[in-house]
Structures are given as structure tokens and as C-alpha cells.
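The values are calculated or read from the model by the stated rules, or taken from the named source; none is laboratory data. The structure presented is a predicted model; accordingly, all values stated were derived computationally and were not measured. Here the Cβ is made from the backbone with ideal geometry for all residues, glycine too, and neighbour counts use every protein chain on show.
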Amino acid sequence: MKYSKEHLIEGPMEMVIEVGLDRTRDVKVYPNITRTTVKSREVKGDIIEVVVETLANGDIPPALRKVLSEKMLTWTEYGRMDMKNKFYEYKVKPFYFSEMCKISGKISYREPEPGKTIRRIDANVEIKLPIIGGIAEKKISEVQLENLDKDVKAMREEVAEMLARGGK
């Protein structure tokens, strides 16, 4: 299932990108995230490559939680930020069922006018399971879209605070 979404964020593009790359925010911004750990972050010229491990807590019934291990709710994101061309590409690999689950996307940034940034995400969620695959894709996409709305709200607040402090 593919989906796209754009948001306008008041603030210079470089500042918006900086906030977006700060993965320590994930636990504060997303209610279904328990832990985010940046496993690696390498800067190679205009390219920043990151590996981020995330543990979800999600909307899981208590009875099901008893049989799910922490690793079953963990995934690794492999991301690549191109600072020159202003886009971030990522692939997500769940700890379990990675051969059946493919999640990827691209987040691009553009500045339609000074001091305003448009962030666009184009994402794809593919679950290769008969009957329930489409249901899972829809649920995952819905949660990701809800998270994007929460993220952009937090980004707007964080960028406004940075601007109030003089851009730092």
C-alpha cells in the first residue's frame, strides 16, 4: 500500500531537516514508540547514513502482549539523508517476519519561500501474507499517517522554539 502526505512547516528548511534527523525525539513524539536507539550515524560529505533500532508498544490487546516478545515489536531502519538534494530515503526491516514485510519511503524537503518548508513523504508498506496482508498494510499505514501528523505538530513547536532562541 502506497501513501503520500505533505506538511507545511514554518521555518527555514535546514532547521526543519535538523529537527527531523534528531531521532531522540521519537519516544516523545510517537505514543506507540517505547525506545529508539541510533545504532550508527556516518557522515560522508553531503550524505548522512543512519541505522536506528525502534521498539514499539502499539495498540496490542493485553492477551496478545503475553505471547509477544520484545524482539517481535522491534525493527531496524536503514536511512540515508542527502543534504545536497534534501531528501531522506529509508527501508525498515522488522526483527521477525522480515521476508514478508517490506516498508520503505522517501521524505523530501523544499522551501517554497524563505522561512517555510514543505516536507513530503512517499511511503510503501507491503505485507506478503494471504488474506491478512492487506489488512496489516492498511493498519500500519494508518498508524504511520497518524504519527506523521503528531510529528509535524511537534516539529512546528520545536522549530518555533529554535527560532525564538535565535536559531539555535
Condition broken by S40, with the remaining ones in (1) of a type in the set (S, T, Y); (2) assigned to a strand (DSSP E or B); (3) in contact (Cβ under 8 Å) with a residue 12 or more places away in the chain satisfied
(3)
How many of the residues making up the stretch 20-45 are under 24 Å from L8 (Cα atoms), surrounded by fewer than 14 Cβ atoms within 10 Å (Cβ to Cβ) and either modelled with pLDDT of 95 or more or not β-branched (V, I, T) (or both)?
3
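Taking only the stretch 27-49 into account, find how many residues are under 12 Å from the mean Cα position of the chain (by Cα) and under 17 Å from K91 (Cβ atoms). Spell out the reasoning first.
Restricting attention to the stretch 27-49, the residues satisfying the condition of being under 12 Å from the mean Cα position of the chain (by Cα) are 27, 29-30, 33, 36.
Next cut, under 17 Å from K91 (Cβ atoms) only: 36.
Residues that pass the stated criteria total 1.
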What tally of residues in the stretch 125-168 results from selecting those that are more than 26 Å from M1 (Cα to Cα) and charged (D, E, K, R)?
6
Looking only at residues in the stretch 119-134 that are at pLDDT below 95 and among the charged types (D, E, K, R), which one is farthest from the chain's Cα centre (by Cα)?
K128
Any idea which of I60, I17, I9, I48 is modelled with pLDDT of 95 or more and not in a strand (DSSP E or B)?
I17
Going through the stretch 93-107 in order, the residues found to be under 18 Å from T36 (Cβ atoms) and either touching a residue at least 40 places away in the same chain (Cβ under 8 Å) or among the charged types (D, E, K, R) (or both) are K93, I107
Do you know which of the residues in the stretch 64-92 that are at pLDDT below 95 and basic (K, R) is farthest from T37 (Cα to Cα)?
K66
Can you confirm whether the stretch 108-118 contains a residue that is without any contact (Cβ under 8 Å) to a residue 24 or more places away in the chain and in contact with a Phe, Trp or Tyr (Cβ under 6 Å, 6 or more places away or on another chain)?
yes
